[in-house]
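Report on one structure; see the data block that follows.
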Amino acid sequence: MYPASFEYQAPASIDEALTILERYGDEAKVLAGGQSLLPLMKLRFASPRALVDLNRIEGLGELFEDNGGLMIGALVRHAQCERAELLRGRYGVLGDAAPQISDPIVRNWGTVAGSLAHADPQGDWGSALMAAGAELQARGPDGTRTIPLDELFQGPFTTSLEPTEIAVWVRVPDPGPNAGGTYLKLERKVGDFATVGVAVQLSFDNGKVGRAGIALTGVGPCNLRATAAEEALAGAELDDDAIRSAADLAAKGADPRSDVRGSADYKRNIVRVFTERGLRKAAEAAGRREEP
Amino acid sequence: MTQTVGVDVAGLTSPVTVTVNGEARSTEVENRLLLVHFLRQTMGLTGTHVGCDTSGCGACTVLVDGVPAKSCTMLAVQADGRQVTTVEGLAGAGGLHAIQTAFHEEHGLQCGFCTPGMMLTATALLADNPDPSEEEIRWALSGNICRCTGYVNIVKAVQAAGAALREEGR
C-alpha cells in the first residue's frame with residue numbers, strides 16, 4: 001500500500017515549521033513518530049498535501065523534571081519513557097503505561113505528543129496523562145497555548161489543536177511527595193489496542209486523598225475522565241467503601257460500545273474491576289514512598 | 001519507484017542519502033516511497049520482507065541508526081542521513097553473523113519469512129543486553145510474529161547467539 005503523493009518538508013526549527021504550516025493552511029499534517037499517521041495515509045484515510053517532519057528539530061527529544069513537574073518534548077518516544085527512571089515512583093501511571101503501548105518496535109518510534117494529537121479513543125497515553133493532570137503546550141502563529149487534556153480531546157481522532165499549531169511539549173504537574181499511580185490495560189494479545197484501560201493517579205495529604213486522577217481508555221468517543229469518581233475521592237479516607245463506590249462511579253461514567261473486543265456490559269465491568277484494583281495499587285505505590 | 005512516467009512529480013520527490021549496510025546511496029525518491037520499497041526496489045535488497053504491510057507483523061524490521069524499525073511504516077525520506085542495516089548486512093567477511101549461525105543451528109525458522117526481522121530485532125536486543133533472560137527475549141520479540149514454528153527455537157537461537165557473542169567478546 002502506498003500513501004497518496006505529498007510534499008515533504010523537514011524544517012530545522014519550530015518557527016520554520018510554523019511558517020510552513022501556515023502556508024498550507026489545513027492541508028498539512030505534522031509528522032513525529034509516524035506510527036499512527038503513516039498507517040492512516042497508507043489506508044488513504046488521510047491524504048495530506050504536505051507532511052511537516054519534526055524529526056530534524058533539535059531539543060524536542062527531551063524528558064526532564066522542571067519545577068517539580070515533568071516536561072515531555074514532541075519527539076520523546078514511547079521506548080524512552082519505558083526506560084526512564086523518572087517515570088517510575090510518583091509518575092508510575094506514566095511508567096506503567098509506556099511498556100503496554102503497541103509492541104517494542106513501534107515504541108521505538110511512536111511519540112507521546114503524537115499519540116495525544118492523534119486522539120485515538122483507544123490511545124493509552126491520553127488516559128495516563130489525563131489521570132496525571134497533564135496539559136499540552138501547543139505553539140501556533142499567535143504564540144503558545146496551554147490545553148488541558150480534557151479540552152484537547154473532542155471526539156474520535158479529533159482534537160482542539162488548530163491545523164497551524166504544533167504540540168511541542170506535554171507538561172505533567174508535580175504530584176506532590178506522597179503520590180503513586182498505575183495503568184491497567186486489558187488487551188486480547190500483545191500489541192493490541194486496549195479492550196479497556198484504566199489510569200489511576202493518587203496524591204495523599206495527611207493520610208487522606210488529596211487529588212485523585214482517574215481516566216478511561218476504549219470506553220467512549222475519546223479518553224474519558226471519571227470525574228464523579230475523582231470528586232468522590234478528593235479529601236476522603238481511602239477505605240474499602242470509598243474504593244468500591246469510586247469504582248462504581250467510574251463504571252457508570254464509562255460509555256462503552258459492543259464490538260469484537262467485548263460487549264458494552266463486559267467493558268463496563270472491567271472498568272469497575274480495574275478502577276478498584278488501580279486505586280489499591282496506586283495507594284500501595286504512594287505508601288511505599290512514605291516509609292522511611 | 002523513482003521514475004513515475006506521465007505524472008508531474010514536481011515537489012513530490014526529495015533527494016536522500018541513505019547508508020545501507022555501510023554503503024551510502026544518494027538518489028531522488030518520491031516522498032511517499034516507503035523505506036521497505038526503497039530497500040527492496042531501489043537498492044535491490046529483497047531480504048527485507050513485506051508481511052502484513054500494516055506495522056503489525058515485524059517481517060519488514062530493519063535497524064535505523066541501530067534501532068529496530070518497521071520499514072513499512074517509515075518513509076525513505078525519513079531515513080535521509082541515517083544508517084540502515086538489513087539482513088544482507090549481518091554477515092561479514094568472516095562468514096555468517098552469530099545470530100544467523102544460531103538460527104541455523106537451533107532451527108529457529110521453518111519458512112523463513114519472519115526470519116530477517118527476527119534476527120535484526122534480536123541483534124539490537126543483544127547489543128543492548130548481552131545476556132537476556134527468556135522473558136526479556138520474548139518481550140523484545142513481541143513485535144515480530146512467526147506463524148510456523150512457535151517461538152521456542154527462536155528464543156533458543158537468540159540465547160545461543162548471545163552466548164556466542166559474549167564468547168567472541170563483541
Name all residues of region B:114-156 having a backbone nitrogen under 11 Å from the label point set 7 Å from the Cα of B:E167 along its Cα→Cβ direction, giving them as ranges.
none
Can you sort A:L43, A:L129, A:L161 so the residue with the fewest Cβ neighbours within 10 Å comes first?
A:L43, A:L161, A:L129
Evaluate the charge dipole of the protein assembly as shown about its Cα centre and quote only its size in Debye, nearest 20, assuming +1 on the Cβ of each Lys and Arg and -1 on the Cβ of each Asp and Glu.
980 debye
Each residue of region B:31-45 in order: what ³J(HN,Hα) in whole Hz does its phi give by Karplus 6.51 cos²θ - 1.76 cosθ + 1.60, θ = phi - 60°, with x for Gly and Pro?
4, 7, 5, 6, 4, 4, 6, 4, 5, 6, 9, 5, 8, x, 9
Answer with one residue from A:I101, A:A10, A:A242: the one whose Cα lies farthest towards the positive end of the charge dipole of chain A, charges on Cβ with Lys, Arg +1 and Asp, Glu -1.
A:I101
Inter-part gap, Cα centre of region B:12-90 to Cα centre of region B:107-170, in whole angstrom, is 21 Å
Highest-MSF residue in chain A out of A:D205, A:D259, A:D15 [GNM, Cα springs under 10 Å]
A:D259
In nm, give the distance between the simple-model label positions of B:A91 and A:T227, each being 7 Å from the Cα along the Cα-to-Cβ direction.
6.4 nm
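Arranged from highest to lowest average of other beta-carbon atoms within 10 Å per residue, in what order do the peptides A:110-122, A:219-231 appear? Walk me through the intermediate numbers first.
On the way: A:110-122: 24.5, A:219-231: 22.2.
Top of the packing list down: A:110-122, A:219-231.
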Considering amide H positions built from the backbone, and no H for Pro or chain starts, which residues 5 or more places from A:Y8, or on another chain, come under 5 Å of its amide H?
A:L51
Pairwise label distance in nanometres, A:D66 with A:D240, each label 7 Å out on the Cα-Cβ vector
4.6 nm
Taking amide H atoms as placed 1.01 Å from N in the peptide plane, list the residues 5 or more away in sequence, or in a different chain, whose amide H sits under 5 Å from that of A:V30.
A:V52
Which one of A:A226, A:S203, A:G34 has its Cα pushed farthest toward the positive end of the charge dipole of chain A, where Lys and Arg give +1 and Asp and Glu give -1 at the Cβ?
A:G34
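Over chain A, calculate the relative contact order: mean separation of alpha carbon pairs under 8 Å at least 6 apart, over the residue count, as a percent.
Numbers: 704 pairs, mean separation 47.0, N = 292.
It comes to 16 percent, rounded to a whole number.
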Taking the simple approach of a point 7 Å from Cα along Cα-to-Cβ for both A:D174 and A:R277, what is their distance in nm?
3.4 nm
Other chains near B:65-74: what is the mean number of their Cβ atoms within 10 Å of each residue's Cβ?
5
Most positive-pole-ward Cα, B:Q110, B:V158, B:L125, against dipole of region B:98-168 from beta carbon charges
B:Q110
Alpha-carbon centroid distance for the pair region A:173-191 / region A:1-48, whole angstrom:
31 Å
Can you work out ³J(HN,Hα) from phi for every residue in region B:90-106, in order, using Karplus 6.51 cos²θ - 1.76 cosθ + 1.60 and θ = phi - 60°, giving whole Hz and x for Gly and Pro?
6, 5, x, 4, x, x, 4, 5, 4, 5, 5, 4, 5, 4, 5, 6, 8
In whole Hz, with x marking every Gly and Pro, tabulate ³J(HN,Hα) for region A:38-50 from phi via Karplus 6.51 cos²θ - 1.76 cosθ + 1.60, θ = phi - 60°.
5, x, 5, 6, 5, 7, 6, 6, 10, 9, x, 6, 8
If each residue of separation counts as 0.36 nm, what is the full-extension length gain between B:D128 and B:T46 once their alpha-carbon separation is subtracted?
26.8 nm
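Every read-out reported here was derived from the displayed coordinates using simple, explicitly stated rules and does not represent laboratory data. Just so you know, these numbers come straight off a predicted model, no measurement behind them. Cβ sites come from the backbone with ideal geometry, for glycine too, and all protein chains shown count toward neighbours.
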